[in-house]
Every structure is written in C-alpha cells, then in structure tokens.
Amino acid sequence: MLGKIKSILLEPDDPVAVADEVPAAAAALLIEAAVLDGSYDASERQAIVRLLGERFDLSSNDLENLIAESEEAVNRSVELYGVTRILKNSFNHDERLELMIMLWKIVYADGKLHDYEANLVRRVAGLLHIPDKDVGFARKKAIECLDIIPTKA
C-alpha cells in the first residue's frame, strides 16, 4: 500500500515527500478502519477529516486532497505493514497512542464494533508496538470523547 500511496500522493522529485508520508500513512490507516465494516459514510469521512486536521494542521484544501487520494489508494490495496512502519518510526509512544485513540474513534464512529474492525485494531497495535493496556486506555478514551455506549455489530 505504501508504494501506491507514494505514487498517488507524492510527486517523485518532491523534496517534502518524506514529511508528507506520515499524514498519508495516517489517512490510509483511518480510512481502512472506516471502510472495513462495509459502510463508509459522510459522518465517518468527516470524523477522519477532523482528526487529521487537528493532528497534522493541514489546510482544508490539502486535507481534502489527502483524503480523496488516500481513499483511492485504500480502494486499490490493503497492506498494513508499510503504513504502520512509517508511523512507528515517525512517532514516539505518546503519538502512537494518540493515533490509536484516533483509530478507535473511527472504528466507533457508527457506535458499533465490527469483528473486522476489532481485528484491524489488534493488528495495528501489534505493528505499532502498543501494549494491550494502552490499547484499552485508547479505546476507553475514544468512547469517552465520542460519548457513546458502544455495541457489537
């Protein structure tokens, strides 16, 4: 997936390409979480736009382009290792924990936890080297922020 995101999102001779990999990887990961249950609606997309905008301080135009291009990339490929490697190598533990909170917010955007979404969170946590205790903390924090009572799909 990383190669496809790079080819879609980044110009090959762009000097800021390395800095752009992190928001692109985060966008791809959040979009993958949103589409995994077979339902990707406007509210999930808005949540992703809001979370990425807050985290990466992107302009509205840059954010919309990133989301649109990441959606296209996710539709073409599903490969977590490359995306999570970028995030693991670029973020410290607290930033990776913040990303897990963002991931849980997208998973719970519809108020339900689908088995595929739960599996994705477990895989991503392992690839980001986030301990189970911290994954549970991130889940609890996301639920509190969303002010929902989650159900199982």
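The table for this structure:
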| read-out | value |
| --- | --- |
| Test: residue in region 112-131 that is among the small types (Gly, Ala, Ser) and not in a helix (DSSP H, G or I) | no |
| Boolean, Val49 is in a helix (DSSP H, G or I), among the hydrophobic types (A, V, I, L, M, F, W, C) and modelled with pLDDT under 90 | no |
| Filter result for the condition that a residue is within 20 Å of Ser77 (Cα to Cα), of a type in the set (D, E, K, R) and either at pLDDT below 90 or surrounded by 13 or more Cβ atoms within 10 Å (Cβ to Cβ) (or both), over Asp57, Asp62, Asp41 | Asp41 |
| Scan of region 86-113 for residues that are more than 20 Å from Phe56 (Cβ to Cβ) and surrounded by fewer than 17 Cβ atoms within 10 Å (Cβ to Cβ), ordered by number | Gly111, Lys112 |
| Selection count where residues are assigned to a helix (DSSP H, G or I), at pLDDT below 95, of a type in the set (A, V, I, L, M, F, W, C) and within 23 Å of Ala142 (Cβ to Cβ), scope region 73-97 | 5 |
| The one condition in (1) touching a residue at least 12 places away in the same chain (Cβ under 8 Å); (2) under 24 Å from Asp132 (Cα atoms) that Glu95 fails to fulfil | (1) |
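The values are calculated or read from the model by the stated rules, or taken from the named source; none is laboratory data. A quick note: this is a predicted structure, and the numbers were derived from the prediction, not measured. In this analysis, Cβ positions are derived from the backbone assuming ideal geometry, glycine residues included, and neighbour counts consider all displayed protein chains.
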